[in-house]
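For reference, the structure is listed below as structure tokens.
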Amino acid sequence: MESMNGELFPRERTVIAPGAVHVPDWLGAGRQGELLAACRAWARPPAGLRTVRTPGGGVMTARQVCLGLHWYPYGYARTAVDGDGAPVKPMPPWLAELGREAVTAAYGVPPGSGSGSEPGSEPGESYDIALINFYAGDSRMGMHRDAEERSSAPVVSLSLGDTCVFRFGNTASRGRPYQDVELRSGDLFVFGEASRRAYHGVPKVLPGTGPRELGLTGRLNITLRVGGLG
Ligand SMILES: O=C(O)CCC(=O)C(=O)O
């Protein structure tokens, strides 16, 4: 018998590497719609969606908007220093809470719960940064590490819209070994512990694969991070 989304076998929670966990279909259709509506509001100026240029002269094909702190290559600021210069929009408490729930869903324990075995964040640390990347058409993202945060709390990644190939690698280099994981609308991916500084990227987005009822052309990815930046 097929599951509701047409799969012959339901996709299951999978540990991709130590501390790196894929939880398919974590966000239901209603929550995806709410998150998309919020992303559309955050994308508007001031400090809205922008094109990111790297110091080496490269241009990122995914466009980005930030909450809490503004990421630029390669640091964090309180204003959109490589955009319109406006103050970054605040991180809403409900999104920080979603980050905590996501870690609990991935690892089975909330962040900072004190068992000693759980990854990353200290008690009291909360998700205070969101990076929202919008992939239109054939946008992609090269292999990189999320390295500007001072906290070792896990990164929480939420996907909306078109399916992508997410490449999850190792901490030593951009090359092999890596694993390719299909991230679909509503999927959660958490990487912390030994995988917190692993290289990762998006080699491919598959246009037209998102759920029609969501009403998004392209793909959105939201990563929630603990900055530890004071
Ligand atoms: O779009 C994705 O799934 C990954 C985004 C990413 O790597 C990042 O924001 O650092």
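Based only on other Cβ atoms within 10 Å, what is the fewest-to-most ordering of S185, S152?
Exposure proxy ranking, most exposed first: S152, S185.
Please work out how much length the chain gains when fully extended from A105 to T79, using 0.36 nm per residue of separation minus the C-alpha to C-alpha distance, in nm with one decimal.
Taking 0.36 nm per residue and subtracting the Cα distance, the gain is 6.1 nm.
List residues of region 165-198, by number, whose backbone nitrogen lies under 19 Å from a label position 7 Å along Cα→C-beta of R31.
Inside the label zone: 183-192.
For a quick check: sort D82, D187 by the number of other beta carbons within 10 angstrom, fewest at the front.
If I rank by nearby Cβ atoms, fewest first, I get D82, D187.
Once you have the Cα-Cα distance between E7 and L229, take 0.36 nm times their residue separation minus that, and quote the gain in nm to one decimal.
Extra length from E7 to L229 when fully extended: 75.7 nm.
If you rank W94, W71, W42 by fewest surrounding Cβ atoms within 10 Å, what's the result?
With the fewest neighbours first, W94, W71, W42 line up as W94, W42, W71.
Would you compute, from DSSP H runs of 4+ residues alone, the mean residue ellipticity of the chain at 222 nm, taking -39500 (n - 2.57) per run and dividing by the full residue count, rounded to the nearest 500?
It comes out at -4000 deg cm²/dmol, rounded to the nearest 500.
Bin all alpha-carbon pair distances of region 55-96 at 5 Å intervals from 0 and give each bin's fraction as a whole percent.
With a bin width of 5 Å, the distribution comes to 6, 21, 28, 22, 15, 5, 2, 0.
Normalise the Cα radius of gyration of the chain by 2.2 N^0.38 Å (N = residues in it) and let me know the number.
Normalised Cα radius of gyration, the chain: 0.96.
Where a number appears in this text, it was derived from the coordinates with a stated rule and is not lab data. Since this is a predicted model, take the numbers as computed values, not measurements. Positions of Cβ are backbone-derived with ideal geometry, glycine not excepted, and every protein chain shown enters the neighbour counts.
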